[in-house]
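A short worksheet on the structure shown next.
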Amino acid sequence: MGYRHVDSGALYRAATAARVRLGGDVEEWTEESVLDAARIVTLAPTETGFTPLLDGAPAESEMRGEDVTSRVSVVARMPGVRDWVNSLVRKSREDFDVVVDGRDIGTVVFPDADVKVFLNAAPGERARRRLVERLHRAPTDDEIAEETGKIVLRDEMDSAQSAPSPDAIVIDTTHLDQDEQIRQIVELVRNR
């Protein structure tokens with residue numbers, strides 16, 4: 001449909017990765033130190049979306065690694081960092097039609113969006129999908145159980161940003177493959 005994808009969560013991960021590079025215990029991180037570290041983060045357009053760059057280079061594996069994953073919820077709760085991410089996301093819409101995913105996109109970032117979709121899935125299925133993406137193989141039951149626990153904990157920590165907008169269409173994707181999810185969303189957009 002010509003839209004570019006913006007993953008707001010990747011920006012939180014990029015800011016976290018930038019701060020991890022500076023070292024120090026996460027309990028000592030301040031909003032100011034994260035924002036200072038995030039000066040090396042830029043959002044570069046690609047053919048189908050945007051890629052966060054650290055010092056001008058892609059850092060996807062670093063951003064998806066455990067050092068970032070275990071700290072990103074702390075960073076995402078910092079109001080100044082949320083404002084920084086939201087401003088970058090809003091700026092992406094200045095030159096492109098965008099599809100944005102993130103926890104508070106329909107309520108805070110683009111409350112006037114024409115179409116708002118809130119995707120949901122059971123924690124165990126989200127864990128399985130995340131592990132397949134990270135490991136490039138089918139995860140074991142033990143790996144899924146461990147990852148599910150992490151997801152549930154993160155959901156609890158991020159609950160303030162996880163509520164759907166009252167006018168969002170909620171789609172439970174637990175039993176839907178990606179093609180079916182896309183089909184349903186495209187149909188919603190075309191019907192609007």
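The values are calculated or read from the model by the stated rules, or taken from the named source; none is laboratory data. Treat the numbers as computed from the prediction; the structure is a model and nothing was measured. All Cβ positions, even for glycine, are placed from backbone atoms using ideal geometry, and neighbour counts span all protein chains on display. Note: accessible area is taken over every heavy atom of the protein model, side chains too, but ligands, DNA and RNA are not part of it. Shrake-Rupley method; radii C 1.70, N 1.55, O 1.52, S 1.80 Å.
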In region 1-38, the residues that are free of Cβ contacts under 8 Å to residues at least 12 places away in the same chain and either of a type in the set (Gly, Ala, Ser) or exposed (fewer than 11 other Cβ atoms within 10 Å of the Cβ) (or both):
GLY23, GLY24, ASP25, GLU27, GLU28
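Of THR16, THR42, which residue is polar (S, T, N, Q) and either in a loop (DSSP other than H, G, I, E, B) or over 15 Å from the mean Cα position of the chain (by Cα) (or both)? I'd like the intermediate steps shown before the answer.
Details: THR16 fails: either in a loop (DSSP other than H, G, I, E, B) or over 15 Å from the mean Cα position of the chain (by Cα) (or both).
Of THR16, THR42, the one residue that is polar (S, T, N, Q) and either in a loop (DSSP other than H, G, I, E, B) or over 15 Å from the mean Cα position of the chain (by Cα) (or both) is THR42.
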Conditions: (1) over 30 Å from GLY2 (Cβ atoms); (2) touching a helix residue (DSSP H, G or I) at 6+ places or on another chain (Cβ under 9 Å); (3) modelled with pLDDT of 95 or more. ASP142 meets all but one. Number of the miss?
(2)
Mind listing whichever residues of region 45-65 are of a type outside the set (D, E, K, R), open to solvent by 60 Å² or more (accessible area, probe 1.4 Å) and either touching a strand residue (DSSP E or B) at 6+ places or on another chain (Cβ under 9 Å) or closer than 23 Å to GLU94 by Cα (or both)?
PRO45, THR48, PRO58
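Scan region 45-68 for residues that are assigned to a helix (DSSP H, G or I) and out of contact with any helix residue (DSSP H, G or I) (no Cβ under 8 Å at 6 or more places or on another chain) and jot them down. Can you show your working first?
Of region 45-68, the ones assigned to a helix (DSSP H, G or I) are 60-64, 66-68.
Across region 45-68, the qualifying residues are GLU60, SER61, GLU66.
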Find the helices (runs of 4 or more DSSP H) located wholly in region 72-185 whose residues include 2 or more that are open to solvent by 50 Å² or more (accessible area, probe 1.4 Å), and list them.
79-95, 123-135, 141-157
